[in-house]
1. Of (1) surrounded by 14 or more Cβ atoms within 10 Å (Cβ to Cβ); (2) under 25 Å from Gln59 (Cα atoms); (3) over 16 Å from the mean Cα position of the chain (by Cα), Ile194 satisfies all except one. Which?
2. Look at Lys166 and say whether it is under 20 Å from Lys140 (Cα atoms), surrounded by 13 or more Cβ atoms within 10 Å (Cβ to Cβ), basic (Lys, Arg) and more than 18 Å from the chain's Cα centre (by Cα).
3. Checking Thr131 against (1) of a type in the set (S, T, N, Q); (2) farther than 24 Å from Met75 by Cα; (3) modelled with pLDDT of 95 or more, only one condition comes out false. Which one?
4. Scan Glu178, Glu158 and give me the residue that is within 25 Å of Ala57 (Cα to Cα), assigned to a helix (DSSP H, G or I) and at pLDDT 95 or above.
5. When you scan the stretch 9-127 for strands (runs of 3 or more DSSP E) that lie fully inside it, which ones turn up with 3 or more residues that are surrounded by 17 or more Cβ atoms within 10 Å (Cβ to Cβ)?
6. Among the residues of the stretch 136-147, how many are under 16 Å from Lys173 (Cβ atoms) and either among the acidic types (Asp, Glu) or surrounded by fewer than 17 Cβ atoms within 10 Å (Cβ to Cβ) (or both)?
7. So which pairs qualify, if the first residue must be in the stretch 111-127 and among the acidic types (Asp, Glu), the second must be modelled with pLDDT under 95 and surrounded by fewer than 16 Cβ atoms within 10 Å (Cβ to Cβ), the Cβ gap must be under 9 Å, and the two must be at least 6 apart or on different chains?
8. Return yes or no: is Ile108 more than 15 Å from Thr131 (Cα to Cα), at pLDDT 95 or above and in contact with a helix residue (DSSP H, G or I) (Cβ under 9 Å, 6 or more places away or on another chain)?
Amino acid sequence: MSEHYYTQKPQSKSKPQTWNHTFDGVQYTFTTDDGVFSKTRVDFGSRLLIEQFRKPAVQGDILDLGCGYGPIGIMIANKYRDEHIVMTDINERAVMLAKQNVKQNQIINAEVILSDRFEQLSNRMFSAILTNPPIRAGKKIIYSMFKDSFQALKNKGELWIVIQRKQGAPSAKKKLQELFGYVTLIERKKGYHIFKAVKY
C-alpha cells in the first residue's frame, strides 16, 4: 500500500516532478513529489471545487484546508487577487511544495502554513473555507475538520467541500446539516459532490 499522504513527515523517497496545468485560460506550473496527494495531475474533485467556488459576500481571508501541493489555493488566489488566501497542511513535504508553487506561479496574495488542521490558526476567522478532505484519514478526522471549520468561519461564512458519493458524500452531508443547518448541493458530476454550508 502506498504511503498515507495525511502524515506530517513522508518517508517515501523524494522524486520531484514538474508539469503544467491550464485552468480558465491560465497556465500554471506545479512541482509535486511522492508522498503528496494526486502528484501527477490536478485531481478531478479539486478541479470541480475550483470551478464551482464563488467567494461569499462577507469579507475576510479564504482558507484552503489541507492544501497539498497547492492547486486549490493557488488557482483561487489567482482568480480573486483582491482576497488573501491561507493554505495549510499537516504534510511537511506538501507545505514545502505549496510554498514553491506559490512562488513559481507568482502568487502574491497567499501564505502557506504547516498546521495539523487548525492547530496553528488560533483566533483566525475566515469568510470561506475550501477543502478536498483526506478521505483515508477517516471520518473522525474529517468530521472534526467540519466542526472546527464551523468555529473558524465568520457569520455568513461558507464551507465548501468536495467528496465522492462512494467515499461518504451522503453521510458527510448529514454531518454538515447537523453543524450548519442547511446545506446546498452546488454540483454533482462523475460521482463527485460539491457541498456549500453557510454559518448563520
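1. Looking at each condition in turn, Ile194 falls short on (3).
2. On the way: under 20 Å from Lys140 (Cα atoms): yes; surrounded by 13 or more Cβ atoms within 10 Å (Cβ to Cβ): no; basic (Lys, Arg): yes; more than 18 Å from the chain's Cα centre (by Cα): yes.
Against the criterion (under 20 Å from Lys140 (Cα atoms), surrounded by 13 or more Cβ atoms within 10 Å (Cβ to Cβ), basic (Lys, Arg) and more than 18 Å from the chain's Cα centre (by Cα)), Lys166 does not qualify.
3. That leaves (2) as the condition not met.
4. Numbers: Glu158 fails: assigned to a helix (DSSP H, G or I).
None of the others qualify; the one that does is Glu178.
5. Numbers: elements: 17-23, 26-32, 61-65, 85-89, 110-114.
By residue number, 26-32, 61-65, 85-89, 110-114.
6. Keep residues of the stretch 136-147 that are under 16 Å from Lys173 (Cβ atoms), which gives 139, 142-143, 145-147.
Filter once more, keeping what is either among the acidic types (Asp, Glu) or surrounded by fewer than 17 Cβ atoms within 10 Å (Cβ to Cβ) (or both): 139, 147.
Final tally of qualifying residues: 2.
7. Asp116/Gln8
8. Numbers: more than 15 Å from Thr131 (Cα to Cα): yes; at pLDDT 95 or above: yes; in contact with a helix residue (DSSP H, G or I) (Cβ under 9 Å, 6 or more places away or on another chain): yes.
Judged against the criteria, Ile108 is a match.
The values are calculated or read from the model by the stated rules, or taken from the named source; none is laboratory data. The shown structure was predicted, so the numbers you read here are calculated from the model rather than taken from an experiment. Every residue, glycine as well, gets a Cβ built from its backbone with ideal geometry; the counts of neighbours run over all protein chains shown.
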